[in-house]
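Step one of this worksheet: look at the structure below.
The values are calculated or read from the model by the stated rules, or taken from the named source; none is laboratory data. Bear in mind the structure is a predicted one, so any value in this text is a computation, not a measurement. Every residue, glycine among them, receives a Cβ derived from its backbone with ideal geometry; neighbour counts consider all protein chains shown.
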Amino acid sequence: MTEKLRERFWERHALADLTPAEWESLCDGCGRCCLHKLEYEDTGEIEYTGIACKLLDLGTARCGDYANRKRHVPDCVRLTPQTLDSINWLPATCAYRRLNEGRGLPRWHPLLSGDPEAVKKAGISVIGRVLPETAVDEDDYDEHVVRWIRMR
């Protein structure tokens, strides 16, 4: 049985008070957080690459084994209301980040638009824009930095 989501729960409840189904439904399925990132030790700057985690399904921009992802990718970060403030690499479009910062959902978000394809139509999805990590040597990740993802 699928849990019913409360009406406009993201506006009426704190992130910490959401049900597991509500929390998960905030994910727009863009796949951006599943891209490899580079962090420069000297500046702390973080840049996204166009290289996807091995678990990201490039056709759907969803994790191929979400329930067991930590088993396959030990450094996969689990987003929770408690960890959001310490994660400095979420894209500016991310619903979790936006709500945590007191901004609302973008109009293309599936919870507002009612269209799961809206993320793709808005140009936010990574579908058709990234490579699987198996296609790129880790030493060459810096050659695949992308500029179409904003963090600010």
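Laid out as a table, the results:
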{"item": "Count of residues meeting criterion [of a type outside the set (D, E, K, R) and not in a helix (DSSP H, G or I)] in segment 1-47", "result": "19"}
{"item": "Test: residue in segment 112-132 that is more than 19 Å from LEU35 (Cβ to Cβ) and either touching a strand residue (DSSP E or B) at 6+ places or on another chain (Cβ under 9 Å) or hydrophobic (A, V, I, L, M, F, W, C) (or both)", "result": "yes"}
{"item": "Residue in segment 48-68 that is surrounded by the most Cβ atoms within 10 Å (Cβ to Cβ), counting only those that are hydrophobic (A, V, I, L, M, F, W, C) and in a loop (DSSP other than H, G, I, E, B)", "result": "ALA61"}
{"item": "Some residue of segment 75-88 being in contact with a Ser or Thr (Cβ under 8 Å, 6 or more places away or on another chain), within 17 Å of GLU24 (Cβ to Cβ) and of a type outside the set (Lys, Arg)", "result": "yes"}
{"item": "Members of segment 19-49 that are free of Cβ contacts under 8 Å to residues at least 60 places away in the same chain and more than 27 Å from ALA135 (Cα to Cα)", "result": "THR19, PRO20, ALA21, GLU22, TRP23, GLU24, ASP42, THR43"}
{"item": "Qualifying residue in segment 69-84 (condition: charged (D, E, K, R), in a loop (DSSP other than H, G, I, E, B) and either over 25 Å from GLU143 (Cα atoms) or in contact with a strand residue (DSSP E or B) (Cβ under 6 Å, 6 or more places away or on another chain) (or both))", "result": "yes"}
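Residue by residue, here is whether (1) within 26 Å of PRO20 (Cα to Cα); (2) at pLDDT below 95 holds:
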residue: THR43; (1), (2): no, yes
residue: GLY50; (1), (2): no, no
residue: GLY59; (1), (2): yes, no
residue: CYS63; (1), (2): yes, no
residue: SER86; (1), (2): yes, yes
residue: THR93; (1), (2): yes, no
residue: ASP115; (1), (2): yes, no
residue: GLY128; (1), (2): no, no
